[in-house]
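Below is one structure, written out as structure tokens; comments come after it.
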Amino acid sequence: GIQVEQSPPDLILQEGANSTLRCNFSDSVNNLQWFHQNPWGQLINLFYIPSGTKQNGRLSATTVATERYSLLYISSSQTTDSGVYFCAVRRYSTLTFGKGTMLLVSP
Amino acid sequence: DTEVTQTPKHLVMGMTNKKSLKCEQHMGHRAMYWYKQKAKKPPELMFVYSYEKLSINESVPSRFSPECPNSSLLNLHLHALQPEDSALYLCASSQDRRKGTHGYTFGSGTRLTVV
């Protein structure tokens, strides 16, 4: 099956700092999503981004499908950004998750 | 309505109990999914329903029994579970299991503890 690798696995930031999370995938995909899982387990969809660039407030994402990677940018991080960030890709009919990046933003 | 609603949020059950998890969406999505997530791990696919028919079963033990009564509802029936089945169970939906331009929407999950 398709392989999804995320880096870094863990990240600790001071409030206000910027960060970049990376997702590499092993084959062409139909769909790529970035999710934020909060401490209560809710998976919140951040971006549906099979290709191109999107921005939503302090967050933006870029997927370069031809090179099989996607980047999630978090600017001016806040403590509420803490949690696990998952990249998930769909090839054919099922969504496969990477192992996630655990982000901790300290005040 | 752009939500997937799961009930209950928390469930504690004994190994001899029978219980059910429920999932509901009113977005007109025709594909629905059950995922299982253990602590510090990514979600893992269990079942896929497409147009109310089971299309994928990822070799899940028979003590987990899915059901899709209609296009808006998805149930997961639990019987004779083991303590290692304790996990967060997530429901998701999408427009179509092969298509769609908005991706998957997940519910907030049911945190299950088997004692």
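The values are calculated or read from the model by the stated rules, or taken from the named source; none is laboratory data. Keep in mind the model is a prediction, meaning the values are calculated, not measured. Note that each Cβ is placed from the backbone with ideal geometry, even for glycine, and that neighbours are counted across all protein chains shown. When the accessible area is computed, the model is the full protein with side chains, heavy atoms only, and any ligands, DNA or RNA have been set aside. Shrake-Rupley method; radii C 1.70, N 1.55, O 1.52, S 1.80 Å.
A count restricted to segment A:56-107 and to residues that are at the interface with chain B (Cβ under 10 Å from one of its Cβ atoms) and of a type in the set (Val, Ile, Thr) stands at 3.
Looking across segment B:25-57, the residues that are surrounded by fewer than 19 Cβ atoms within 10 Å (Cβ to Cβ) and farther than 16 Å from A:PHE97 by Cβ come down to B:HIS26, B:MET27, B:GLY28, B:ARG30, B:SER50, B:TYR51, B:GLU52, B:LYS53, B:LEU54, B:SER55, B:ASN57. Restricting the search to strands (runs of 3 or more DSSP E) fully inside segment A:15-107 and requiring at least 1 residues that are under 14 Å from the mean Cα position of the chain (by Cα), surrounded by 14 or more Cβ atoms within 10 Å (Cβ to Cβ) and of a type in the set (Ser, Thr, Tyr) gives A:19-25, A:43-48, A:59-64, A:69-74, A:83-91, A:94-97, A:101-106. For the structure I just gave you, tell me whether A:VAL4 is over 10 Å from the mean Cα position of the chain (by Cα), over 24 Å from B:SER108 (Cβ atoms) and buried (at least 20 other Cβ atoms within 10 Å of the Cβ). No; evaluated as a whole, the condition is false for this residue.
Residue pairs whose Cβ atoms lie under 8 Å apart, sitting 6 or more positions apart in sequence or on different chains, and linking a residue in segment B:45-68 that is within 11 Å of another protein chain (Cβ to nearest Cβ) to a partner that is of a type in the set (Gly, Ala, Ser) and not in a strand (DSSP E or B), are B:VAL48/A:SER93; B:SER50/A:SER93; B:SER55/A:SER93; B:ILE56/A:SER93.
Among residues of segment B:1-22 that are more than 23 Å from A:LEU43 (Cβ to Cβ), those with a Cβ under 6 angstrom from a residue that is in a loop (DSSP other than H, G, I, E, B) and open to solvent by 80 Å² or more (accessible area, probe 1.4 Å), sequence gap 6+ or separate chain, pair up as B:GLY14/B:VAL115. Here B:LEU21 fulfils each of the conditions (1) more than 12 Å from chain A (Cβ to nearest Cβ); (2) open to solvent by less than 20 Å² (accessible area, probe 1.4 Å); (3) in contact with a Lys or Arg (Cβ under 6 Å, 6 or more places away or on another chain) apart from (3).
Taken as a whole, the structure places B:SER108 among residues that are facing chain A (nearest Cβ under 10 Å), open to solvent by less than 80 Å² (accessible area, probe 1.4 Å) and within 25 Å of A:GLY98 (Cβ to Cβ). Can you tell me which condition B:THR101 does not meet? The list is (1) modelled with pLDDT of 95 or more; (2) over 11 Å from the mean Cα position of the chain (by Cα); (3) among the β-branched types (Val, Ile, Thr), and all the others hold. Of the numbered conditions (1) modelled with pLDDT of 95 or more; (2) over 11 Å from the mean Cα position of the chain (by Cα); (3) among the β-branched types (Val, Ile, Thr), the odd one out for B:THR101 is (1).
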